[in-house]
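The values are calculated or read from the model by the stated rules, or taken from the named source; none is laboratory data. A quick note: this is a predicted structure, and the numbers were derived from the prediction, not measured. Glycine gets a Cβ as well: all are built from the backbone with ideal geometry, and neighbour counts include every protein chain shown.
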Amino acid sequence: MRFETRAIHVGQDPDAEFGSVNVPIYQTSTYAQPAVGKPKAWDYARAGNPTREALQQVLASLEGGSKGLCFSSGLGATTTLLLTLKPGDHVLISDDVYGGTYRLLARVMDGWGLAFDTVDMTDLVACRSVVREDTALVWVESPTNPFLKVVDIAAVADLAHRAGARCVVDNTFATPYLQRPLELGADVVLHSMTKYLGGHSDLIGGALVTSDEELTERLAFLVNAAGAVPGPMDCYLALRGVKTLALRMEAHCRGAKQIAEFLQNHPKVTRVHYPGLPGHPGFEVAVRQMRDFGGMVSFEVESRDEAIHVAESTELFFLAESLGGVESLIELPGPMTHASVSGSPIEVPDTLIRLSVGIEHPDDLLGDLEQALG
């Protein structure tokens, strides 16, 4: 089956009792057991839920993995994955990474004994220089947040494996429709389902997909033991969102490309970060490992005041954090989504503006940006 067909059918057969074409919302906390200690499937909803299981099956299929696991948030998925490590292990992350990931490692997991370093993962020589004997996990974002760098996933995964480490790829920006990291050698794929998978800015959720049997067993234990699980309603909303993922991503990509080209030629814009522009440093890698270039665009202007003016002047682009919804969003990463990296090796200039391009008509969005830029 093709991607679009699997998104609608895998794990989502009509309900056996009533024929419902949508997976029901199993709004339950526990399950009646036919005999003592012999549940039909699960004994308690923290361990499993039929709505969640349907979502996990379709996500695993779309990413090309054997097992999907869903969580209460992207950071819930991140935390659970980090709990597979042990004190003293070393994690390598990009020098351009989601602020919440950096905050979790720097201000939470450091007290638990995890060490980490940042590096420009587009520079393989630099990556090799900071990999250590105790490196257990190499954490990739591609495209990165917020500078939209493109990392050669196959090369970095090979580097990680040579060091005896696993490679995880945060595939939130690209989604499995545009990029499939497991096929490129990654061991785990992570998603904030809040973003493109859900697609309607109405849920919080996270997911991990892997084909690593040993890791799957450990993660499945931690799902129940640590308990960062999503509710059935959020799983239902994510299932609904996944059905239209392919259609939405086509629209996101189409609009983002037009906006990036417009910004590239605007006199008040000093730099555009979008992997679909031929001058982007990661353009050739993106062409090789992605179907298209995504719906995220970042750009820079001359001053902080100008950046604030633009962000506060748009009418169709809502000033808000998050991304990946049908509506377009604008934000300044420095004081907003990446405020937690202030004072760290990760530098986010206050002149940087990030756009999440929705599925509105691109001409209307271009007009909104034109009036905001003045």
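Determine, yes or no, whether SER72 is in contact (Cβ under 8 Å) with a residue 24 or more places away in the chain, surrounded by fewer than 23 Cβ atoms within 10 Å (Cβ to Cβ) and at negative phi.
yes
Residues in region 84-121 that are aliphatic (A, V, I, L, M) and within 19 Å of the chain's Cα centre (by Cα): how many?
At the first step, the residues of region 84-121 found to be aliphatic (A, V, I, L, M) are 85, 91-93, 97, 104-106, 108-109, 114-115, 119, 121.
Next, only the ones that are within 19 Å of the chain's Cα centre (by Cα) stay: 91-93, 97, 104-105, 121.
Qualifying residue count for the region: 7.
Take VAL297 and tell me if it is under 21 Å from LEU277 (Cβ atoms) and surrounded by 23 or more Cβ atoms within 10 Å (Cβ to Cβ).
Working: under 21 Å from LEU277 (Cβ atoms): yes; surrounded by 23 or more Cβ atoms within 10 Å (Cβ to Cβ): yes.
Yes.
Take residues that are modelled with pLDDT of 95 or more and out of contact with any helix residue (DSSP H, G or I) (no Cβ under 9 Å at 6 or more places or on another chain) and tell me which of the helices (runs of 4 or more DSSP H) falling wholly in region 73-156 contain 1 or more. Talk me through it step by step, then tell me what you get.
On the way: elements: 74-82, 99-107, 124-130.
Per the criteria, 74-82, 124-130.
Checking LEU237 against (1) free of Cβ contacts under 8 Å to residues at least 40 places away in the same chain; (2) outside the structural domain of GLY76 (by TED's automatic domain parsing), which test does it fail?
Unmet condition: (2).
So, in region 16-28, of the ones that are surrounded by fewer than 10 Cβ atoms within 10 Å (Cβ to Cβ) and small (Gly, Ala, Ser), which residue ends up modelled with the lowest pLDDT?
ALA16
How many residues are of a type in the set (A, V, I, L, M), crowded, with 19+ Cβ neighbours inside 10 Å and under 22 Å from GLY164 (Cα atoms) when one looks only at region 76-101?
Qualifying residue count for the region: 5.
Quick check: anything in region 28-38 of a type in the set (A, V, I, L, M, F, W, C), in the same structural domain as MET233 (by TED's automatic domain parsing) and touching a strand residue (DSSP E or B) at 6+ places or on another chain (Cβ under 7 Å)?
no
Here are SER313, SER342, SER303: which of them is more than 13 Å from SER356 (Cβ to Cβ), exposed (fewer than 15 other Cβ atoms within 10 Å of the Cβ) and at pLDDT 95 or above?
Residue meeting the stated conditions: SER303.
Just one of (1) under 27 Å from SER298 (Cα atoms); (2) aromatic (Phe, Trp, Tyr); (3) free of Cβ contacts under 8 Å to residues at least 40 places away in the same chain trips up TRP112, so point out which.
With (1) under 27 Å from SER298 (Cα atoms); (2) aromatic (Phe, Trp, Tyr); (3) free of Cβ contacts under 8 Å to residues at least 40 places away in the same chain applied to TRP112, the lone miss is (1).
Anything in region 187-217 that is over 24 Å from SER298 (Cβ atoms) and either of a type in the set (A, V, I, L, M, F, W, C) or surrounded by 24 or more Cβ atoms within 10 Å (Cβ to Cβ) (or both)? List them, or say none.
Correct list: VAL188, LEU203, GLY205, ALA207, LEU208, VAL209, THR210, LEU215.
Are any residues in region 19-39 closer than 17 Å to ALA54 by Cα and of a type in the set (Phe, Trp, Tyr), and if so, which ones?
If the condition is that a residue be closer than 17 Å to ALA54 by Cα and of a type in the set (Phe, Trp, Tyr), then TYR26 is the only one that fits.
Would you check if there is a residue in region 299-322 being under 19 Å from the mean Cα position of the chain (by Cα), on the phi > 0 side of the Ramachandran plot and in a loop (DSSP other than H, G, I, E, B)?
Within region 299-322, one or more residues are under 19 Å from the mean Cα position of the chain (by Cα), on the phi > 0 side of the Ramachandran plot and in a loop (DSSP other than H, G, I, E, B).
Which residues, counting only those in region 323-373, are assigned to a strand (DSSP E or B) and either over 23 Å from LYS149 (Cα atoms) or in contact with a Phe, Trp or Tyr (Cβ under 7 Å, 6 or more places away or on another chain) (or both)? Before you say what the answer is, go through the steps one by one.
Filtering region 323-373 down to residues assigned to a strand (DSSP E or B) leaves 329-331, 352-356.
The answer is LEU329, ILE330, ILE353, LEU355.
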